[in-house]
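K.L.:
This is the structure I have questions about; it appears just below.
The values are calculated or read from the model by the stated rules, or taken from the named source; none is laboratory data. Predicted, not measured: the structure shown is a model, and the values here were computed from it. As a convention, Cβ positions derive from the backbone with ideal geometry for all residues, glycine included, and neighbour counts pool all protein chains shown.
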Amino acid sequence: MTRTTPSLADMRRQCRKTLPGIAWAAESWTSLGWLGTRRLTRALRREMPPGHRLAGLDPQAIAAELSQDSVLYALSDGRVALVHLTWARPTDNPNWPSTSLYPSLDDFLGGLAVEYAGEAAFARTFEIGGDLGDVYCAECQSNWSDGKTGEGCVTCGDWPLARPCPVCSGACGEVWDRAIQDSQDSGEAHWIGTCRRQT
Ligand SMILES: [Zn+2]
Ligand SMILES: [Zn+2]
């Protein structure tokens, strides 16, 4: 099976489309325009010592953390690399700047979404709890509005008033709200939401 490598423009477009939809990641990550790309692509070239694992892979910046310490680069073989820039001169250490490789942009963005999904679910929980006041699990009496759940409690289902999308474990970036009444009535956790990967 041959794999077509997505073009740089495609990858940039995907970052622009996907990053704003990832809860919380949207506040710390941004896709890059041509100028940012040029600047951060050059920054990496300057920092890369000979023998660095990205040497020969023509890394091109496509997205960055707003602090611009972590930058995502598209590689010529279709993979992407997350590089922690040091903003210093290259050292003799070929492992520096430190680099994590991902098989594709999809893999990276999915991982980023999962990383932020838990935080987003708790933020959403406190938001709902703020509106409703204290809501307790009828089974274990944990205060869901306070972000609490009972260990092993089926009604809680490990999450309080919101959780990362249960279909894809949060890779789609969606947070689902608890169906409170259904959960209490049935004794099992019920959630309301849509997986964005399935639409
Ligand atoms: Zn419970
Ligand atoms: Zn999903």
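K.L.:
Can you name the condition, by its number, that Arg124 falls short on among (1) in the same structural domain as Arg13 (by TED's automatic domain parsing); (2) in contact (Cβ under 8 Å) with a residue 24 or more places away in the chain?
P.N.:
(1)
K.L.:
Can you say whether Asn143 is without any contact (Cβ under 8 Å) to a residue 60 or more places away in the chain and closer than 16 Å to Gln181 by Cα, as far as the supplied structure shows?
P.N.:
yes
K.L.:
Let me ask something additional. Among the numbered criteria (1) farther than 17 Å from Glu119 by Cβ; (2) in contact with a Ser or Thr (Cβ under 9 Å, 6 or more places away or on another chain); (3) more than 14 Å from ligand 2 (Cβ to nearest atom), which single criterion is violated by Asp158?
P.N.:
For Asp158, the failing item is (1).
K.L.:
Which one of the conditions (1) within 14 Å of ligand 2 (Cβ to nearest atom); (2) of a type in the set (Phe, Trp, Tyr); (3) more than 23 Å from Met11 (Cα to Cα); (4) under 20 Å from the mean Cα position of the chain (by Cα) does Phe122 fail to meet, given that it meets all the rest?
P.N.:
Answer for Phe122: the failing condition is (1).
K.L.:
Do we find a residue being among the polar types (S, T, N, Q), within 14 Å of ligand 2 (Cβ to nearest atom) and not assigned by TED's automatic domain parsing to the domain that holds Ala55 anywhere in the range 128-147?
P.N.:
no
K.L.:
Has the range 81-97 got any residue that is among the charged types (D, E, K, R), away from ligand 1 (no atom under 16 Å from the Cβ) and surrounded by 14 or more Cβ atoms within 10 Å (Cβ to Cβ)?
P.N.:
Looking through the range 81-97, none of the residues is among the charged types (D, E, K, R), away from ligand 1 (no atom under 16 Å from the Cβ) and surrounded by 14 or more Cβ atoms within 10 Å (Cβ to Cβ).
K.L.:
Let me ask something else. Which numbered condition in (1) touching a helix residue (DSSP H, G or I) at 6+ places or on another chain (Cβ under 8 Å); (2) part of a loop (DSSP other than H, G, I, E, B); (3) away from ligand 1 (no atom under 16 Å from the Cβ) is the only one that Trp159 fails?
P.N.:
(3)
K.L.:
Oh, and also: Against the conditions (1) touching a Pro at 6+ places or on another chain (Cβ under 6 Å); (2) part of a helix (DSSP H, G or I); (3) within 16 Å of ligand 1 (Cβ to nearest atom), where does Ala117 fall short? Just the number, please.
P.N.:
So Ala117 meets the others, but not (3).
K.L.:
Please name all residue pairs, on different chains or six or more residues apart, with Cβ atoms under 7 Å, provided the first residue is in the range 164-189 and is within 16 Å of ligand 2 (Cβ to nearest atom) and outside any loop (DSSP other than H, G, I, E, B) and the second residue is of a type in the set (S, T, N, Q) and modelled with pLDDT under 90.
P.N.:
That search, which allows pairs on different chains as well, returns nothing.
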